[in-house]
1. Which pairs do you get when a residue that is farther than 20 Å from Arg197 by Cβ and in a loop (DSSP other than H, G, I, E, B), found in the stretch 165-181, comes within reach of a residue that is polar (S, T, N, Q) and open to solvent by 10 Å² or more (accessible area, probe 1.4 Å), reach meaning Cβ atoms under 8 angstrom, with the pair 6+ apart or on two chains?
2. Of all residues in the stretch 61-70 being in contact (Cβ under 8 Å) with a residue 40 or more places away in the chain and either among the β-branched types (Val, Ile, Thr) or out of contact with any Leu (no Cβ under 7 Å at 6 or more places or on another chain) (or both), which is farthest from Asn167 (Cα to Cα)?
3. Could you list, in sequence order, the residues of the stretch 138-158 that are buried (at least 19 other Cβ atoms within 10 Å of the Cβ) and touching a helix residue (DSSP H, G or I) at 6+ places or on another chain (Cβ under 7 Å)?
Amino acid sequence: MKKVYQDFFLHFDILTMFLLVLSGVIYVVSVGVETAFVFYFLLGLLTFAFSEYLTHRFLFHLKTPKNPHFLKFLKRIHYDHHIYPDDLKLLFLPLWYSLPNFLVICSIFYFSTGDFTGTVTFGIGLMTMLLTYEWKHYVAHRPLKPKTKFGRWVKKVHILHHYKNENYWYGVSTPFADYLFGTFREEKEVETSKTARNLEMR
């Protein structure tokens with residue numbers, strides 16, 4: 001079990017994100033925390049929660065593209081994860097994907113507010129939720145049993161997405177989004193999909 005935890009917390013991409021969050025927190029505290037920053041942080045959490053669901057559903061699950069370069073991208077970012085759901089190399093979002101997206105979203109926030117420290121706080125919220133997503137996703141695919149009933153339910157729901165039907169249960173850290181957008185179903189209501197393990201065959 002020690003190795004299972006080490007595989008997560010010592011993974012290069014995860015360590016990088018932790019260090020970025022820590023650096024952001026140190027900066028904000030050194031400048032001075034303002035009441036508005038609490039709102040910015042929560043907004044960052046919420047922004048990632050929705051972007052996680054939307055990208056998973058509408059980008060990662062696109063029908064197989066004809067362009068070989070785009071297909072290669074989708075295979076690395078998600079398709080191959082459905083074929084090999086427990087492969088550690090395919091489990092985490094790569095930095096070359098997550099960091100540019102992070103910078104784009106933070107840039108939009110900065111140009112909307114003009115507040116650099118507020119933007120850093122917003123970014124801390126984004127990355128905190130990203131790390132939450134990575135941990136819940138990791139737990140869903142590794143031999144770890146969540147201690148809470150809610151945690152066990154989140155893990156079960158994600159496993160249904162992989163082995164029951166890929167068209168439902170897109171939320172990993174944010175299952176509420178499936179309720180909001182109509183992609184949550186009770187297990188018995190959904191037919192087993194023949195392409196859940198191979199998205200390229202759809």
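1. Listed by first residue and then by second, the contacts come to Ser173/Thr132.
2. Step one: of the stretch 61-70, the residues in contact (Cβ under 8 Å) with a residue 40 or more places away in the chain are 61, 63-64.
Imposing the further condition that a residue be either among the β-branched types (Val, Ile, Thr) or out of contact with any Leu (no Cβ under 7 Å at 6 or more places or on another chain) (or both) reduces the set to 63-64.
Numbers: Lys63: 12, Thr64: 15 Å.
Ranking the qualifying residues of the stretch 61-70, first place goes to Thr64.
3. Once the filter is applied, which keeps residues that are buried (at least 19 other Cβ atoms within 10 Å of the Cβ) and touching a helix residue (DSSP H, G or I) at 6+ places or on another chain (Cβ under 7 Å), the stretch 138-158 yields Tyr138, Val139, Ala140, Val154, Lys155, His158.
The values are calculated or read from the model by the stated rules, or taken from the named source; none is laboratory data. This one's a predicted model, so the numbers in the text were calculated from it and none came from an experiment. A quick note on method: Cβ atoms are made from the backbone with ideal geometry, for glycine too, and the neighbour counts reach across all protein chains shown. These area figures cover heavy atoms from the full protein model, side chains too; ligands, DNA and RNA do not enter into them. Shrake-Rupley method; radii C 1.70, N 1.55, O 1.52, S 1.80 Å.
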